[in-house]
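The values are calculated or read from the model by the stated rules, or taken from the named source; none is laboratory data. The structure presented is a predicted model; accordingly, all values stated were derived computationally and were not measured. Here the Cβ positions follow ideal geometry from the backbone for every residue, glycine too, while neighbour counts run over all protein chains shown.
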Amino acid sequence: MLRILGRSGLDVVGEFGDFALFTGRSLLAAIGSRKLGRRIMRALYEQGVRCLPVIIIVGVFTGLVLGLQGYYVLNRFGSTSLLGDLVSLTLVRELGPVLAALMLVGQAGSALAAELGIQRNSEQIDALETMGASPLAYLVAPRLIAALLSFPIQTTFFTLVGLVGGWISGTLVLALQGNVYWSAVFRAVEPADVRECLLKAVVFGLLTTAICAHNGYNTHRRRRASGARAVSASTTRAVVLSSISVLAADYLITSLLV
């Protein structure tokens, strides 16, 4: 039992170290890379434009649910005028960056892990290394840099759309006046809340993109699967680990900033 626990612990530590080295080398590989801007624009399209419909839809329904639930809870205490405070602070400080990151992981992150896994199995990454090109600079670095830009933008869209959803629930569906809702929103949200939201978005973007890229890039190292099954296992593991890392990082950042 002790031997199994020790071996498992060493494997976890080794994987953390390999992941940290992978992320650092990928960021350093971007220095001096040719045509980096074009690849970053393509990654921004994949992580931004293609994911925007999902962000908007989930953001609207999140705001609608928050507005409905918040109104009925606050109505018990005669404080329905605080609905704007509840919806805005919940979205800006917690649900906005967390749910936006989870949606981006489900769409862009899974696609990244599967793409790199297929390129590894089809020996395209090996071909780049044979030609003297850096696969990290060509395939991974643009995605990491694009994530630092796209995740805060997508989180902002998610939060704004969620606020509109809360307004729809509170004013058009229920009996709250619109000016009361928006005045509470502008009164509740402070610059520190916005900074925390954007900080979480940047951390989530770098962390989840690096995890998805690392799992797809190292698909060939999987011991219990090969071929298409290895790609499937790497993609699934990337999404699961990314989702867990978002929640864990959210708790750590919140505990440090509260």
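Counted as qualifying within segment 1-107 are the helices (runs of 4 or more DSSP H) with 2 or more residues that are farther than 27 Å from V239 by Cβ, namely 2-29, 36-44, 52-76, 83-90.
Being of a type outside the set (S, T, Y), farther than 24 Å from Y71 by Cα, surrounded by fewer than 16 Cβ atoms within 10 Å (Cβ to Cβ) and at pLDDT 90 or above is not true of V246.
Filtered by the rule that a residue be among the small types (G, A, S) and in contact with a helix residue (DSSP H, G or I) (Cβ under 6 Å, 6 or more places away or on another chain), segment 100-129 gives A100, A101, A108, G109, S110, A113, A114, G117.
Looking only at residues of segment 71-89 that are modelled with pLDDT under 90 and among the small types (G, A, S), we find that the one that is nearest to L163 (Cα to Cα) is G84.
Of the residues making up segment 173-210, those that are outside any loop (DSSP other than H, G, I, E, B) and within 17 Å of S81 (Cβ to Cβ) are V173, G178, N179, V180, Y181, W182, S183, A184, V185, F186, R187, A188.
Would you confirm whether any residue within segment 220-227 is in a helix (DSSP H, G or I) and at pLDDT below 90? Yes, because at least one residue in segment 220-227 is in a helix (DSSP H, G or I) and at pLDDT below 90. S242 meets the stated requirement of being closer than 19 Å to A20 by Cα and either polar (S, T, N, Q) or out of contact with any Gly (no Cβ under 8 Å at 6 or more places or on another chain) (or both).
Within segment 162-178, is even one residue surrounded by 18 or more Cβ atoms within 10 Å (Cβ to Cβ), aliphatic (A, V, I, L, M), at pLDDT below 90 and touching a helix residue (DSSP H, G or I) at 6+ places or on another chain (Cβ under 9 Å)? The answer is yes; a qualifying residue exists.
Looking across L21, L95, L68, one residue alone is over 15 Å from the mean Cα position of the chain (by Cα) and either surrounded by 13 or more Cβ atoms within 10 Å (Cβ to Cβ) or over 22 Å from A210 (Cβ atoms) (or both). It is L68.
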